[in-house]
Structures are given as structure tokens and as C-alpha cells.
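Below: one structure, written as C-alpha cells.
Please treat every number below as a calculation from the coordinates, not as lab data. No experiment lies behind these values; they were computed from the predicted model shown. Cβ atoms come from the backbone with ideal geometry, glycine included; neighbour counts cover every protein chain shown.
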Amino acid sequence: MKEEEEKVTAELNNTDDEILSLDIGFFSKEDTLKKELFESPQFTKWQSGSHRLHIFLDSLDECLLRIQTLARILVYELKKYKEHVERLTLRIACRTAVLPSGLEPGLKELFGKDSLGIYQLVPLRRQDVVKAAEANEIDPDTFLEEVYKKNLVPLAIKPITLNFLLNNWRRYQSLENNSIYELYLDGCRCLCEESNSSRCDSGAIGDFNRNQRLIIAARIAAVTIFANRVAVCNGTYADCARSKDELVLIENLCIGEEVANSNNFDISEPAIKEVLDTGLFSSRGEKRIGWSHQTYAEFLAAWYLKEHNVSVSFFQRRFYLSEDEDPEQLSKDPEQLSKDPEQLSKDPEDKLIPQLHETAAWLATMIPEIREVILSTDPDVLLHSDIPPEPSVQEAVVSNLLRQYEQGKINQKLINYHLYEYEKLKHPKLAEQLRPYIVDATKPIEARYTAITMAHFCQLKELQNELVTLATDSAETIELRISAVQAIGEIGDKNSILKLKPLALNPLLEDEQDRLKGYCLQALCNKRIYLTDDELFDFLAIPISNCYRVFISYTLVPMLKEKWLRQPRLKADFIKKYSNSDKFLNVLINLGKFDSDFGLDIIGDIYLKPRLADHDQDWMRDEVLRSRWEKLHKHFAQRIYDTFELNNTASIDRTIEWYYKFANPKWLSEQFSSYFNYSEQGQQASKKARNHRPQQNLLAPSPRERVIFRLNELEDGNLSAWWQLNMEMTLKPDSRHYSNEFEPDLTKLPGWKEADEPTRTRIIQGAKNYIINQKDINTDWIGKNKVNRPALAGCRAFLLLLNKAPQILETIPSETWRIWAPVIIAFPLGSENYNSCLELVKIVYSKAPDQVIETLDILIDKENEQSDYIFIIRLFEKCWDDYLSDFILKKAKNQSIKPQCMGHLLEELLKHGSDEAREKAREYLQTLSSLPLPLNKDERDRVIIALTLLFDYHTADSWSSIWSILEQEPNLGRELIESVAKRNFSFSSELNLNLNEKQLADLYIWLVRQYPYHEDPDYSNGEVHVLGPRDRVARLRDDILRQLKNIGTPDACEQVERIIGEFTELPSLKTSLISAKESMRRKSWKALQPEEVIDEILDHDPIVIKTVGDNQATSNIDNIDNWYNECYVTRIENINNMVENNTINTDGGDVITNSNNNNSGSVNNSKTITTNKIENGKGNTINVADSKSNPNSVSIWVKTGVIIGCLSLLVAVSVLLLGNGLLK
């Protein structure tokens, strides 16, 4: 807020506007607010003046802690000055979560909907993090590299957690001392703390400490993740009713208790709201609070499950698409299950639900047993986790990952992790694991590519020889060879890299597009240049394809610049050695093609700099002149380069002669200034010149006076003054001519913006006056590329009333609407006013349909004559009824309408018309398409357009006829498909044909047979090209397969399998089946309801109340009496089992808890309460403890009674057992 205030203050210099800035955070009474704001000298002066007042109110959220009705007071008081708010700018700073719900609608009502903007701080940018690191004397590149590698960007984008990371770095000189889990846990704790110093000083830090806030935030995270909700509704049920399936109500989160700092506490609405006000959350719209970063939610959701001791069975049930587990599986020992990966999932084909991948990865980091589950089904997901540096674990991940690639269960394109995450898989035996995949050409290409990439990022130098062998083997695919070359360039020694030189410098028949050569050159010049000057010169002299762009622009040129800057003699030697060569012009052309500045600098050094030798160069000390000369230098170097492109080297001397003439300091200073306005020094010179030239005369009379004059004339009965007023309103004080004549919205003109409220009211009344009283309207210009200013002024009047006084429109007589209808329809419009015009056309059509249709007819004929598109029909989006539909259909049937224009009219009818109207349009199209294909081009185009529309807007019946054409008349079918492809290529939205799975598969198969993949144009060299019909069809073909994959049904998967069977020669299609199954899992997942998430997690927790350590979540017994009764109704057999299993411990030791339900019970004096429900047929634990540290729990006397009761029961059982023994 302070920076914004300083910015505005600077902008208001030399104006009458004033600023009133208040930090209202310490205001505790309404009277103080009124006195400091509404009774201040600035506010009082503004009321009686004509200037603008800028009010800055900081710390609204802190003031709300003391004045809860603050929002209502502000709106109420401001409404008293409603007639002056046009001169008031109000800026308020407030935390998102506590922004009063009534403030936004109140301010919208007062200032206008379009005048209110709500902004929130954006995340820190990379440059912000760099500055922060430098301020802390930390190398930003090294710091950012670790941030990226450890996936800490979500923490680095928040000031609080960035500070935490920087402090951590200062302490250890690295981030490697902490695991990712520890960093995120501590980072989330930091975001839960109150960081505002003024709040801390005043004690307004909330009712909950950071550990309590953290467990509440984790609960919210679990609900948003497992209920698949995007935000929390910070309002009433009515506020989120329309989006109830996307939002969580606060009341749904207020279930039971949690534990933090060894204390139970209720989860209440104030607790939730306090947490929503932390740095973990940000606004998602009005009364919506969401996560500041999705990673916070994914991490905390996993941590919440860990804190509640989720078991393997719970994980399998909620993270996989499978039925409830078999009872036999449940009865198995979880520890044994974790040792047997095959038992961890009912179906070895099971895969994790895609929406839960990240949360599952965090769980794998926290719970080893769950990591084992994921290892067997989704090893690729583990790359997102913090894999422990244990060779056995790393080896298992690599083994499973490569095996699943071999089995075709992973699609590389679906994986969104960074390749450097492979680094965490490095272990002593990794090279042995990867070598078979690198050398064995029979293994699947995806598995081999993954092995090469692992070798690359894990820096496995011991695999250099294998990688070189693969890279130089012409029998291998270009893609694999390129990946091997990239690896060699990073990890290879000098000998390995030099073995790539023949690939880089010699022609390769198998590398038609020179892609492999480009990467070999990259490797040879990666860290040092392994090419001699002669080899480099010879390479640059040959015609170079676009494949070398990256190498030349990002490797070669920067290295040469750095080398020549360090040793200028090397550049001079290079130019001296090669400048007389016939090939040098080609070198300059190639360099200029990929790095124009570098190429032009060399041209200047060769041809232009020597020409300055005879000049007195003292003028070069002048910065402005030198800047201009540099610009001139570049300009003439470009002209010389252009002659190279034309192979017209004879003209170089003439160009240099012109340069020599222009390189004159006086000429530069006086004649060439306008050309150099864009250089930095040139801008300074231009600014200096502007400051010294005489000021332009301002308009007299001023625009404001002109507006008042025309209003007076209008009010005196001169109706012509209205259109003249429109013209005056386009003027600014220094205008030299009228402008913006075709702007339909008067409120966007300078005259409206400068007008005060009384003047605006007069303009609105003038608009009404003109509309009602102007009877003589000229419409002869309509359809003739002409305009009439008085008529257009009337249309502006209607739009002004629509936007500023819509109630006046309701009073306008029908006859007036009929008079003005042609003008409103014919007004030339731009896209900025599109929505307002749609509404105005809707109104005028409802008032004067005949006049509107008559004008529409004229305009359609005009556009049909002058273009191939009917633009005017777009304005009738809100007008479609039978009358309009019948007219459009009749018009489309008219033979004078061009085929393309016919198509546009019928398409609008198919989009917006009634069912009956659409059916009539289809019948007409069906009639056209059923005729024999005519030879006449115009008629043939009509048939093709008719078929194209039937394709895009088909029904079951029309699709069968289209499919018959495709099957029986392939030539006509190809024409149709190319027309469809052209239409769909024009739209950027995703293809969505209304076809079922089988129809999509049939169409795709037809397209592959008609347009085989091997006939697709090859643009892999990166050359710029124009997309033709064949390119568009290829895109349509691939989009149809993409749509089929994304449907997400078993039928879609079945059809993809059918496609794979049809085209066994296309192995790449196998990845489509992986994508289809991924979509099916994504769309088949049925998320829980918010309240079900909490209930299920708490109910599943084997430990009902648990307070071991800090921030351990808990699920309390709902009713102590129920628990008491349950203890006593438990069958005696369970007690016998407990005695036999020796699970009752009275040694006074610590409570032992874990997630496997193998808990030892203890009766001791520790300050915890831990209890399990006693269930039939299961070994159970009773833990009884003192509650002195738990004041929120149930009464000590009640607990004591329960304990005594339990002990009495145990004594009774012991006596009974002893008695049985004695009797025996």
C-alpha cells in the first residue's frame, strides 16, 4: 500500500488532486474513524471543491478486530456523498479471508460495478528471489538450483517461507541438511504463524497457536483433496449453493476435536476462519478461500493421514479404483503385506487415482509401508517423493520403473516430473541396472530412453562407451541416438566427445533433417570447443537448416562472444584469416540468420569501422551522438547483410559510400534525430528537445466549455447540437482534430471522463431528448459503406441510456423504436462494445422486429457482395425466435448468397435456433448433400459446405449418411474431411465431436487409412512453414484420437485397443491405451463428501485419542458413557485373549503406539490418554492415563470412575480364572 501511495503521489505532481492516507489498524472506536476520515481537512475540502481525492485505508483487517461493524460504517458514511464519488478514489488494504462480505456489494452499488477492482499480491517472481538471495549474501544461482531440485518453489514464492529457506541456507550453507518433508513441514508451520509486527505488538495474534493452526489446516487439506473441492466457502450455504460441488462449507469442517501440544481442542468455526487467514490460503473469488499453492494442500493432506495412522488397507481403498477389500486381505498382518508387494493391490494392473498422485507421493515419503505399495503399481509417482538414499530402495524403484516401461504401463508424455529428479535414484549398482537397456536394441524404446536419461542425470561416466556405441550406430533410431549424444555431451570425457566429431562434420544419410548433427555439434561445444577454427568455419559456410538454431544461438555465439571479449585478438585473427575467403559471405549470412546482432557486428567490423579512420572522432565522446552512430552502424550493417541475401555483392561499395556520407556528426545531430528516437540515448535527446520547444497552444474554448455550450444549445431546442456534442466529447485539451468518431460508447470518450456529475446527468437527459424528438432520420446510407453523423449519434444515445439509465429505455414509445431500429442495427461496431450491443439489439428486435429484419436483409446482401462472411448475424445472438429463424433459412436458400455465406447463416441457425428451426436447417442441408455431386464449382461448394455442417452438427440419422459417403465415396469423403479440418483448424478450442466411442474409432481408422502417418509432412528441422490442407487433416486425425482417449470410459479403452490391433505397424499407439486408462481412472473417481472425509479418517484411526509429541492429531470418543458401556459389554473372551496375549502392561512405561494396531497397553502416570475400542475377536489395548495436561477433556472424576470400573473388571476376571484353575 505504501508503494502504491508513493506512486500516486508522484503522478499527482502539478495537479490539484489530494491524498488522504490513514493506517486504521489501531482505531478502536467509530468516533475515531469518523473524525480522522470524514471530518479531516482533506475530506472537508474535497466536498466543497472540484478536485479528486485519493483515500488510502491501510490495515482494515486489524481495525475489524476492534470495530466489527467497520464495513457497514464505511459504506453508510460514503453514501452520504454519492453525488461526489465520481471525484473519489478509494484504496483499501485488507487480508483476504476477513474481507467483510458486505463491503464489496456496498462499494459496487456506490461506485458502480465496473469501477471496483479487487487485487491480491502475486507470488514472488524469480527476480524477486534472486534479489532476496543477494541481499542475504547468498549466491542466487546455487540457491535457486537447490530450490528447483528439491521442488521448493511453492515455499520460495512466499516471503515468509522464502525467509525461512534463506535462514536455513545461511545456517548450513545448503538445503541438503533437511529432507523435503522437514522443509515443507517447517515451512507450513511458518505460514501458520502471525507475521504482522503490528498485530504481534498489539496482541491481536488470534486464539490458536501455530501447531493448532497446522493440524486444522491439515484437516482442511484432507477435505479439499479427498472431496475434490477447490476452495472453502467463507459465507453462508446460499452463497455457495450454485457451486456446492466445488466448495467446502465451514460447518462441514467443524467435526469433533484435534490435538496439538498434547491438548485436545474443539474444531469450531472461529478456528477454521483463523486458519483461513494465514499465509497458506488466498482468495479464489468473492467469499471463496483456496490454497495459496496446491502443493500445500497435497502435503498437508498426506501429513494429516500420517498423523491419524492410516493403514495400508485404508490407503488402498481410497487411492485406487477398486472395490472394498476382501475380508481375508483385511485379516492379514499389515507388516506381512508390506513384505509381499503382490498382496498390496488386488489387481496388479491397478493404478493410483491420477488426482491423488502428489498426495500419494508425500505419503510415500512419510510412511515406508505405503511407499512399498506405490512401488509395485506406480513407481513413476515415487519420483515426486523424497526417496531415501538407501541403495535397496533406489534399486527397487529403478527396477520397477524400467519393468513398467517394458510392459507398456507408463506413458512418458504423461509424466510431469522434472528429469533431474532421476538424480535421487543414483546408487552403487545403477550402472549395472541400466547397461542392458542401453545396449540391447530389442528392448522397448521408452525403457531405453529412460535408462539413457537416468545415466545422463545421475552422471554415470562408466557408461560412456555404451552411449558412444549407441550414438554412432546407424541402425538405432535417431531419437535414441540424440538422447545418447546429449548424455555424452554432459558426462563424457574428451575422448568420448571427440568420437562424435565424424557425426557432426560428415553427411549422414539417415539424418535427413540434420537433427543428430545439431546435437553432436552442441556436445562438441558444450563446455569447451572441440572444433578447430577451420572445422568451425567450414561448418558455418555450408547451408544451415533450422535444426542448428539452438546450437548457434545458445551455444556457439555466446561462447565466441565470451572468448572474443576476453581476447579481442582472437576475433581480429578470425576476421583476418577468413574475410577474404569466398565462403565468408555464407558464414555472415548464416550467423545473421540465427543471431542477427552478432552477424551484424562482424559485418560492421569488416566493412564499416575502417571507414571512420579519416574522421575526427572527438564527437564520439558525446553519448547522444555515439548512440546515434551505433544505431546508424547497425542500420547500414543490416543493409549490407540484405545485399548478401540477394547475392548482390557489387552493391556493398555503394552502401558503404552512403554510410561514409551519413557518418558525419553534424548530420547525425541535425538530420537523423527522428530515426534514433528508439535508442536509449536517443530517447533522452528527444525528451530534451521536447522540453525546449514551445508548448503547443491548448484548445480555446476548452473541451469542457465546448461540451457545456452544446448542452445549452440542445436544451434550447437545437437537436443538431446532440451529434455536435458527440464530436466535442472526443476532444482533449491539446487535440488538433476530432477523433474516435466510431466509438459507440460515449463514456469512453474524454468529454465524459472529464465531466462532473451534474454535466453527466445533463448528457443523459440530452440523449433521451434527442432519441424521442428527432423524427427525421436519414437511412439512405445503410448498406452503402457510408455513415451519417446525426444517425450514429442516436445509436450512441441508446447505448448511453442502456449503460447508465436503463429505466429510461422502458419509457420510450414503440414508434420511436421503429424509427431508430435501422440505425441501431447498421451501426459499425467493434468487439469492445459487443456485449452492450447484443443487449441493445435484443431490445430493439423485441420492439420493432419488422424494421430490424428489413435492415438485416440489406446488410446481409451487402456483406455477401463484399466478402465471404456474414458478420452482422453475430449481433442477433440473443434474438433467435421462429420469425428470425425462418428469415435466415429463407435467405440461406437464396441462390444469390455465396456458398460460404450460406454456410455462415446456417451455422448460426444451427447454433441458436429452436429445435424445430435446426431440424428444418438439417433437412435443407440433407437435401443439398443427397444430390449428385455437380461439376459447377459454386454448386459443388454448396454440397461440400452442407456436408461439413452436417458433420459438425449431426444427428444419429445424418451421421449414418455421412459415414456412408466416407465408406462408399472416398474421394468425396476426402473433400469433406479437408473442409471439416479447415473449419476446425480455425478454432483454438479442443475438438469435441458428438460421436460415441465406436464412431470415433471408426472415423480415426478411416483417416489413418486415407491419410497414413508416413505421408505426414516432416517439419522436424524446425523450418518455418505454412500449414496446408494435409497438415490440417493430420491435426484433425490426431485430435479425434485425443478425444477418444479423453472420454474416460471402459468403452473408450476397448476402442483404443481395437485401433492398436488394426495398426500393429504403429507401436506409438500403445501409449494411447495408457492415456485412455489414465483418463478412465481420472473420471471414474468418486470423491467423498466433505464430512465423510473427516469421519472416515477419524474412524479409521486405530488410536482414538493420541497425543504423543507435538501436533499429533486425534479422534476423540464421541461420548464417554458410550465408551464406558462398550468396555463393559465386551465379551469375556476378549479379556481372555488379552490375558493370553500378554498385552496388558502395568510397568509404568511409555505408551507405545503405531499404525499397525500392534499396540501395547499400559496403565501409567503419563500425561496422555490413549485408548482403543475393544472389538470382538481381536487383541486390543487399554491405555489409561492422567489428564492433568488436558483441561479440555472430560472430567477427571468421570475418567477415574471408568478406570476403577475397568480395574474392577480385571480383578473379577482374574478371580474367575483362578477359581477355574482351582476347581480343575
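Annotation for segment 762-858: GluC sites (Glu not before Pro) lying in DSSP loop with at most 10 further Cβ atoms inside 10 Å of their Cβ are Glu810. Taken along its three principal axes, the alpha carbon spread of segment 706-792 comes to 37, 28, 18 Å, from the longest extent down to the shortest.
Counting Cα-Cα pairs of segment 911-989 in 5 Å increments starting at 0 gives whole-percent bin shares of 3, 15, 26, 26, 18, 10, 2.
In this structure, the amide hydrogen of Ile19, modeled 1.01 Å from its nitrogen in the peptide plane, lies closer than 5 angstrom to those of His54, counting only residues at least 5 positions away or on a different chain. Roughly how many whole Å is it from the C-alpha centroid of segment 849-864 to that of segment 905-923? Cα centroid of segment 849-864 versus Cα centroid of segment 905-923: 19 Å apart.
Here are some pairs, Lys306/Lys351; Lys775/Lys842; Lys409/Lys1083; Lys34/Lys80; Lys150/Lys563; Lys80/Lys768; which of them have Cα atoms lying more than 24 Å apart in this structure? Long pairs (Cα-Cα over 24 Å): Lys150/Lys563; Lys80/Lys768. Separation of segment 411-481 from segment 123-152 is 31 Å, based on Cα centroids. The spacing between segment 488-529 and segment 941-962, judged by their C-alpha centroids, is 53 Å. Between Ser1020 and Asp141, the contour length at 0.36 nm per residue exceeds the Cα-Cα span by 313.1 nm.
Close amide H contacts of Trp291 (hydrogens built in the peptide plane, cut-off under 5 Å, sequence separation of 5 or more or a different chain): Ser282. Within segment 698-847, the proportion of C-alpha pairs whose separation exceeds 25 Å stands at 24%. Would you kindly give the portion of the calculated P(r) for segment 792-867 that falls above 17 Å, as a percent of all Cα pairs? Cα-Cα pairs of segment 792-867 separated by over 17 Å account for 43 percent. If you take the alpha carbon atoms of segment 387-531 and fit the smallest convex hull around them, that volume is 110 Å³ per residue.
Here the Kirkwood formula, the inverse mean of 1/r across different C-alpha pairs, assigns segment 197-299 a hydrodynamic radius of 14.1 Å. Between Leu121 and Ser581, the modelled labels are 5.7 nm apart [label points 7 Å from Cα along Cα→Cβ]. List the trypsin sites (Lys or Arg not before Pro) in segment 923-1020 that DSSP assigns to loop (not H, G, I, E or B) and whose Cβ has at most 15 other Cβ atoms within 10 Å. Which are they? Of the trypsin sites (Lys or Arg not before Pro), not one in the loops of segment 923-1020 has a Cβ with at most 15 other Cβ atoms within 10 Å. Remark on Glu286: its backbone amide H falls under 5 Å from none of the residues 5 or more positions apart or on other chains, H modelled at 1.01 Å from N.
Within segment 1002-1078, report the chymotrypsin sites (Phe, Trp or Tyr not before Pro) that DSSP leaves as loop and that have at most 13 other Cβ atoms within 10 Å.
Within segment 1002-1078, the qualifying chymotrypsin sites (Phe, Trp or Tyr not before Pro) (loop, at most 13 other Cβ atoms within 10 Å) are Tyr1019.
The orientation-averaged projected area of the convex hull spanned by the Cα atoms of segment 849-989 comes to 8.7 nm².
From the P(r) of segment 2-115, can you give the percent of Cα pairs sitting at distances over 16 Å? Don't skip to the end; give the middle numbers.
Numbers: 3916 of 6441 pairs.
It works out to 61 percent of all Cα pairs.
Residue by residue, segment 815-825 carries 3J(HN,Hα) couplings of 4, 5, 4, 5, 5, 8, 3, x, 5, 4, 6 Hz when phi is fed to the Karplus relation 6.51 cos²θ - 1.76 cosθ + 1.60 (θ = phi - 60°); x denotes Gly or Pro. Along segment 732-744 the Karplus relation, 6.51 cos²θ - 1.76 cosθ + 1.60 evaluated at θ = phi - 60°, assigns HN-Hα couplings of 10, x, 10, 5, 10, 7, 6, 9, 6, 5, 9, 6, x Hz to successive residues, with x for each Gly and Pro.
Let me check I have the definition right: for segment 745-804, take the eigenvalues of the Cα gyration tensor, multiply each by 5, take square roots. What are those semi-axes in whole Å, largest first?
Numbers: eigenvalues 114, 37, 14 Å².
They are 24, 14, 8 Å, listed from largest to smallest.
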